[in-house]
Amino acid sequence: MLQDMATGRLENEFRNIAATGQDLILCFQHGQVLLRRDADDGLTLPTLAQMAAWQQPGQPRYLFRLQGESVFLWTEAAPAQPDHGFGYEDVRRLRQLQSKEVCFAVMTGWHLYNWYRTNRLCGCCGTATEHATGERMLRCPNCGNMIFPRISPAVIVAVTDGDRLLLSKYAGRAYTHYALLAGYTEIGETLEQTVHREVLEEVGLQVTNIRYYKSQPWGVDGNVLMGFFCDVQGSTAIQIDETELSMADWYDRHGLPAQDDGISLTREMIRVFSEGKEPKSGIPGV
Ligand SMILES: [Zn+2]
């Protein structure tokens, strides 16, 4: 998956530090990120020194370290005419196995960018929020409201029937490849209940033997995805919710139409099932 890097890791501990010339910059505008697509199909983020040549840098905000490099969020208007091959690319379409580290930095920075951008005012009293200096938190100087980064839990569900796996396609979305079932956890609901509810809502099936597989921390909508396998129980007749899905059907373990792209939890789970390596024992009682 995207977060599985060959060396190093994301160091997301908060630091209250200023950017220097060779630090990397994430600059977003209108759902796009500023970067350069290199000849080998790799991706390169601009440094502060490069950004400063195009526009007054202001005070970029420290985000995290990745592979030993500090990454900062650009806080001024995005440069209108960057040069040296840099341009803007759609964050939602950015999936690049050759540059896993850059993609993961963009996805994680995008999550934080949206959190900062939507919490400039206190939700309780409307006062402009201030940045805490000791941790990643926004505080209202008027009423004391404390706002921490928000992560939305969601599930990815692989429903199996012996040697068959249920694959679907989303309705009305840019992503047109085969997918597993997915949905957000609602307030007051366990993850296991989310699995039961989403499967029933989207394809009209009952499931049992729910078993956790892995998680993916970089959803573009600020989510953490948790992957589960489960077995269909009772009828295997699919009734799709046409507002959510354009199709859903059973596919044999040995003839699955989707390959692992090395990036997403969905594709890894499909591969694991094709190899017969999915977890077999479930969470007791669910
Ligand atoms: Zn307030």
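The figures follow:
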item	result
Descending principal axes extents, the stretch 28-134, alpha-carbon based, whole Å	50, 28, 27
Solvent accessible area, Å² - Glu242, 1.4 Å probe, full protein context	140 Å²
Partners for Lys277 among lysines (Cα-Cα distance below 20 Å; same-chain residues under 8 apart left out)	Lys214
Computed FRET value (nearest 0.05) for Gln55 with Glu186, which takes r as the C-beta separation and R₀ as 45 Å	0.60
Alpha-carbon radius of gyration plus Dmax, which is the widest Cα pair, for the chain in Å	21.3, 64
Cα coordinate range in the stretch 70-185, projected on the principal axes (Å, largest first)	59, 43, 28
All-pairs alpha carbon distance profile, the stretch 149-232, 10 Å steps from 0, percent	17, 52, 28, 2, 0
Calculated log₁₀ intensity ratio I(q)/I(0) where the Debye formula runs over C-alpha points of the stretch 178-286, q = 0.21 Å⁻¹	-1.46
Added length on full extension, which subtracts the Cα-Cα distance from 0.36 nm per residue, Trp250 to Thr208	13.4 nm
For the chain, share of DSSP beta bridges that run antiparallel, in % to the nearest 5	80 percent
Residues Asp161 and Lys277, FRET efficiency given R0 of 22 Å [Cβ-Cβ distance, rounded to 0.05]	0.80
Ranked packing of 107-114, 233-240, most packed first, by mean Cβ within 10 Å	107-114, 233-240
Peptides 124-131, 70-77 ordered by average Cβ neighbours within 10 Å, highest first	70-77, 124-131
The stretch 148-286: relative contact order in percent, alpha carbon pairs under 8 Å with at least 6 residues between	31 percent
The chain, helix-only ellipticity at 222 nm - DSSP H runs n ≥ 4, -39,500 (n - 2.57), divided by all residues, nearest 500	-5000 deg cm²/dmol
Accessible surface, the stretch 72-177, averaged per residue in Å² (probe 1.4 Å)	51 Å²
Heavy atoms of Met1: accessible area, 1.4 Å probe, square angstrom to 10	10 Å²
Surface accessible to a 1.4 Å probe, Asp163 within the full protein complex, Å²	80 Å²
Estimated FRET transfer efficiency (Glu242, Met137; beta-carbon r; R0 51 Å; 0.05)	0.75
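The values are calculated or read from the model by the stated rules, or taken from the named source; none is laboratory data. A quick note: this is a predicted structure, and the numbers were derived from the prediction, not measured. With ideal geometry, Cβ positions are generated from the backbone for all residues, glycine too; neighbour counts draw on all protein chains shown. Accessible surface is based on the protein model in full, side chains and every heavy atom, while ligands, DNA and RNA are left aside. Shrake-Rupley method; radii C 1.70, N 1.55, O 1.52, S 1.80 Å.
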